[in-house]
Amino acid sequence: MLRDIILLIVVFGSAGGAVMFPWTGTDFQPFVMYFMMMLLFLGFTRIDFRQLLDTSRTTLLRLAILASTKLIFLPVALFGATYWLSRDYAIPVLLLSGISTGVVAPFMAALVAADAATVVRMVVVTSVLVPVSLPCLVKILAGAEISIPLWLMMKTLCFVIFAPLFAVVFMRRYLPSIIDGINKMHFPLSLCLFAAINLGVFSKYSSFFFDRSTDVVIVLFVSYALAAIYCATGFLMFPGAPRQQRVAASISLALMNNVLVVVFSSQFFEPLSPTLAAMYLFPFFSLVTPLRLMGRSSAPLAERQGAA
């Protein structure tokens, strides 16, 4: 609980500080993408890739359905609905909905007693596929309205995701002691990177918060509405599955690499896209409590009594 509080203070404090005093983040702006890669690296160091070895038919089928929903069906459906309701939000919603499952999601799954193995598989599979799936979706759905540098988007996502992933695989094989040392400092390093990313991003769009304050309120509302849709969709996808796996599906859809969207969209799209992705930090961390309650209700009674 203490770490949750510290994390919230650092995340929202750095974001608020960058908005109020944008000069504090000017020096961080050119390096936001590299901070994101370092954050992904830290996340990948915590993932046990051996959990991918379960190749049972049921596991693979559920993974295929969940990944397809995450990367294709849900983003397309939400893009269509948003395009009809408010066209300006269509692309921002598409980018946020179609990004890969977040590298912190397995940690969250373990925290709330969900099926961590399901979440790990989603992190790896969606991370591998999203450099192709997301740019293609944007090109197909919005390419007629805006100029989409498809190859450049693919190249950027591949570099940001695969470089830290391969670095972790290499270091686990040849430099395991360094990985162990990094994991011991995982939390403070993550805090520093979150703060650096927020300073770099929010300082860049500080004027947006003051010039379009009404839009900021709308963006915050949209981010919470999306979080509710993601969670509900995941939980209802497999009604016959154990509750732990249903919670894991919610986590896989709702806890995405939104910071990666901030970095990615700020290079190619209007300020509304990175702003929505950045504002999703609020529901992202607000989901801790409801997911924790869902996880506890899914745990065996004796286990919950022991935890109490």
So, first residue over 18 Å from Y83 (Cβ atoms) in region 207-230, second residue of a type in the set (S, T, N, Q) and part of a helix (DSSP H, G or I), Cβ within less than 7 Å, six or more apart or across chains; the pairs are F208/T275
Hand me the list of helices (runs of 4 or more DSSP H) wholly inside region 88-158 holding 3 or more residues that are without any contact (Cβ under 8 Å) to a residue 40 or more places away in the chain and β-branched (V, I, T).
116-142
Name, by its number, the condition in (1) aromatic (F, W, Y); (2) more than 13 Å from C192 (Cβ to Cβ); (3) crowded, with 21+ Cβ neighbours inside 10 Å that does not hold for F12.
(3)
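Quick grid of which residues meet (1) in contact with a Leu (Cβ under 6 Å, 6 or more places away or on another chain); (2) at pLDDT below 85; (3) surrounded by fewer than 18 Cβ atoms within 10 Å (Cβ to Cβ); (4) among the acidic types (D, E):
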position: V120; (1), (2), (3), (4): no, no, no, no
position: V123; (1), (2), (3), (4): no, no, no, no
position: V132; (1), (2), (3), (4): no, no, yes, no
position: G143; (1), (2), (3), (4): no, yes, yes, no
position: L150; (1), (2), (3), (4): no, yes, yes, no
position: L157; (1), (2), (3), (4): no, yes, no, no
position: P188; (1), (2), (3), (4): no, no, yes, no
Check region 65-87 and report whether any residue there is surrounded by 20 or more Cβ atoms within 10 Å (Cβ to Cβ), in contact with a helix residue (DSSP H, G or I) (Cβ under 8 Å, 6 or more places away or on another chain) and of a type in the set (V, I, T).
yes
All positions within region 160-178 that are of a type outside the set (K, R), part of a helix (DSSP H, G or I) and over 27 Å from F264 (Cβ atoms)
Y174, P176, S177, I178
Just to confirm my filter: which helices (runs of 4 or more DSSP H) fall fully inside region 179-268 and include at least 1 residues that are over 30 Å from L2 (Cβ atoms) and acidic (D, E)?
206-211, 213-237
If I5 satisfies every condition in (1) over 26 Å from A109 (Cβ atoms); (2) surrounded by fewer than 14 Cβ atoms within 10 Å (Cβ to Cβ) but one, which is the exception?
(1)
In the set R3, R62, the lone residue that is in a helix (DSSP H, G or I), in contact with a Phe, Trp or Tyr (Cβ under 8 Å, 6 or more places away or on another chain) and modelled with pLDDT under 80 is R3
Subset of region 269-292 (residues that are assigned to a helix (DSSP H, G or I), over 22 Å from R87 (Cβ atoms) and out of contact with any Ser or Thr (no Cβ under 8 Å at 6 or more places or on another chain)):
L281, F284, F285, S286, V288, T289, P290, R292
For residues that are of a type in the set (V, I, T) and touching a residue at least 40 places away in the same chain (Cβ under 8 Å), scanning just region 11-58, find the one that is nearest to V169 (Cα to Cα).
T45
Please work out which residue is surrounded by the fewest Cβ atoms within 10 Å (Cβ to Cβ), limiting yourself to region 231-270 and to residues that are more than 12 Å from the chain's Cα centre (by Cα) and among the hydroxyl-bearing types (S, T, Y).
T233
Being within 24 Å of F44 (Cβ to Cβ), over 17 Å from the mean Cα position of the chain (by Cα) and surrounded by fewer than 20 Cβ atoms within 10 Å (Cβ to Cβ) is the requirement here; does V169 meet it?
yes
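The values are calculated or read from the model by the stated rules, or taken from the named source; none is laboratory data. Nothing here was measured: the structure is a model prediction, and the numbers come from that model. With ideal geometry, Cβ positions are generated from the backbone for all residues, glycine too; neighbour counts draw on all protein chains shown.
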